Amino acid sequence: MRPVGIFGGTFDPVHFGHLRPALEVTENLGLEELRLIPGRVPPHRAAPGAAPEARLQMLRLAVAQQPGFLIDEREMQREGPSFSVDTLRSLRSELGADRPLCLIVGADAFLGLGSWHCWEEIPRLAHIVVTHRPGWELEPHTVAGAEDAIALLDRARLGSREQLASAPAGGVWLEAVTQLEISATDIRRRQRTGRNIRFLLPDAVRRYIDDNGLYGP
């Protein structure tokens, strides 16, 4: 049974730094589909600069032509903070106990796993796929506050991609991807100060931002 990928975020706005790694993970892990799940109320950061509906529409425009990329609106339709554990519980209930689920997170987010709401339940609901730049290695003594994530990696690290499809949850897989040094914060700042944001994000998203006056002064 092929795994289903889960990739969440505020996507404020969505950009190539989100999309390129997502595509590589989908191809490299042989995912049946990748669900992009925009969060309505991010629990670990300030309120997004664009309204939920605008962020959702930008995501639609960004992935409209990409087979296998599906937009999942469940967090947009749920009140309160968009906790990953709630989303995974909902997906597990919907997709069944046997379907392999892969929660895709960046290395920095993974190292902060111990601060997530009900984080201990997450490995029981899904595998965790940690994307990182090529050559990256975790050095525990240089990372403060990452003890929980490091302990999980030590006991649950998978030895092959095939193991992701052989169990529904429980493993941690490190996946090297092309990491583009693009940030939504920088895009918003450039837009606010009148600088060109072309080639940082899909043209359809850029036009939507301009047409709707998003992130302006």
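Here the accessible area is traced with a 1.4 Å probe on the protein chains. For the chain, carbon and sulfur cover 48 percent of it.
For every helix of n ≥ 4 consecutive DSSP H residues, a contribution of -39,500 (n - 2.57) applies; sum these over the chain, divide by its total residues, and give [θ] at 222 nm rounded to the nearest 500 deg cm²/dmol.
Calculated from helices alone, the mean residue ellipticity at 222 nm is -10000 deg cm²/dmol.
Note on the stretch 1-119: along the principal axes its Cα atoms extend 37, 34, 27 Å, ordered by decreasing extent.
Put +1 on the Cβ of every Lys and Arg and -1 on every Asp and Glu Cβ in the chain; which of PRO81, ALA62, PHE7 then has its Cα farthest towards the positive end of the dipole? So the residue we want is ALA62.
Amide H contacts under 5 Å for GLU175: VAL130, THR131, HIS132, restricted to partners 5 or more places along the chain or on a different chain, H placed in the peptide plane at 1.01 Å from N. Residues in the chain average 49 Å² of solvent-accessible surface per residue, probe 1.4 Å, ligands and nucleic acids excluded. When the Cα positions of ILE182, GLY213, GLY145 are compared along the charge dipole of the chain, GLY213 comes out farthest toward the positive end, with charges on each C-beta of Lys, Arg, Asp and Glu.
How many percent of the alpha carbon pairs in the chain exceed a separation of 33 Å? In whole percent, the share of Cα-Cα pairs in the chain beyond 33 Å is 14. For the stretch 153-212, the ratio of Cα radius of gyration to the globular rule of thumb 2.2 N^0.38 Å stands at 1.82.
Report note on the peptides 51-59, 100-108: ranked by the mean count of other C-beta atoms within 10 Å, highest first, their order is 100-108, 51-59.
The values are calculated or read from the model by the stated rules, or taken from the named source; none is laboratory data. This one's a predicted model, so the numbers in the text were calculated from it and none came from an experiment. Positions of Cβ are backbone-derived with ideal geometry, glycine not excepted, and every protein chain shown enters the neighbour counts. Remember, those area values only see protein heavy atoms, side chains included, never the ligands or the DNA or RNA. Shrake-Rupley method; radii C 1.70, N 1.55, O 1.52, S 1.80 Å.
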